[in-house]
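Below is one structure, written out as structure tokens; comments come after it.
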Amino acid sequence: MSASRAITWEVAGSRGYETAWVDFGDGELRARGRAVGTVPEPYWVTYELETGARFVTRRLRVTAETEAGARTLDLVHDGHGRWTADGEPLPGVDGALDCDLGLCPLTNTMPVLRHDLHLEPGERELLMAWVSVPGLVVRPSLQTYTHLGRTNGGGHVRFASGDFRSDLEFDADGCVVDYPGLARRLRPGA
């Protein structure tokens with residue numbers, strides 16, 4: 001079964017907006033997105049995200065533009081737990097299955113879908129290849145996702161990393177509806 005969606009979020013964390021065009025297939029997704037923000041500085045970001053089986057990240061290609069110019073990042077996962085950034089090894093994130101693009105609600109989708117945490121009880125502590133925006137620096141990030149309960153079609157999941165915690169709402173497809181303090185989905189025509 002496959003489905004395509006266009007989702008737009010108001011991103012309070014960057015004082016901006018993001019739109020992602022997402023294609024879902026059998027345990028995989030592909031997305032392309034664009035974001036504009038003003039925090040920590042005015043920027044534009046474009047990205048392409050591709051996963052393999054079980055929503056494991058294969059590749060994230062990102063371009064960030066600021067007043068200082070454009071940066072690009074080609075983040076690749078080899079399917080065996082090893083990562084490269086622009087062809088250079090990233091041993092600090094070895095073992096991570098997912099990327100997490102800063103200020104991007106879409107990248108919370110992969111771990112939630114892999115473990116059905118929006119639909120059923122469970123908790124997972126996961127290592128992520130976290131990418132700063134707009135700097136595009138990759139760092140390890142230990143994150144915990146905990147199922148809190150079902151909603152009409154989706155569910156609530158607590159996200160925690162370090163001292164930060166937020167209770168996110170996901171729809172039935174595993175996409176963020178509301179990420180308090182970071183982003184909330186805009187309804188078409190709203």
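Data overview
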{"item": "From the C-alpha gyration tensor of segment 48-166, square roots of 5λ in Å", "result": "26, 16, 13"}
{"item": "Dipole of segment 1-153, positive end: most advanced residue of 93, 105, 9 [Cβ charges, Cα centre]", "result": "9"}
{"item": "Charge dipole (segment 7-51, unit charges on Cβ, about Cα centre) - positive-most of 39, 25, 51", "result": "39"}
{"item": "Alpha-carbon centroids, segment 114-139 and segment 12-58: separation in whole Å", "result": "13 Å"}
{"item": "Segment 11-65 pair-distance distribution - Cα-Cα, 10 Å bins, rounded %", "result": "25, 43, 27, 6"}
{"item": "Electrostatic dipole magnitude of the chain [Cβ: Lys, Arg +1; Asp, Glu -1; Cα centre; debye, to 20]", "result": "240 debye"}
{"item": "Diffusion constant of segment 1-117 at 10 °C, which comes from Stokes-Einstein with the Kirkwood Cα-pair radius and 1.306 mPa s, µm²/s", "result": "107 µm²/s"}
{"item": "Percent of beta bridges antiparallel (DSSP, segment 35-190, rounded to nearest 5)", "result": "95 percent"}
{"item": "Gain upon complete extension [residue 23, residue 5; 0.36 nm per residue less C-alpha separation]", "result": "5.8 nm"}
{"item": "Karplus-derived 3J(HN,Hα), 6.51/-1.76/1.60, for each residue of segment 11-19, Hz, glycine and proline x", "result": "9, 5, x, 10, 6, x, 9, 9, 10"}
{"item": "Beta bridge orientation in segment 35-76: antiparallel %, DSSP, nearest 5", "result": "100 percent"}
{"item": "Peptide ranges 11-18, 97-104, 82-89 listed from the most packed, as the mean C-beta count within 10 angstrom indicates", "result": "97-104, 11-18, 82-89"}
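Where a number appears in this text, it was derived from the coordinates with a stated rule and is not lab data. Nothing here was measured: the structure is a model prediction, and the numbers come from that model. Neighbour counts run over all protein chains shown; Cβ positions are idealised from the backbone, glycine included.
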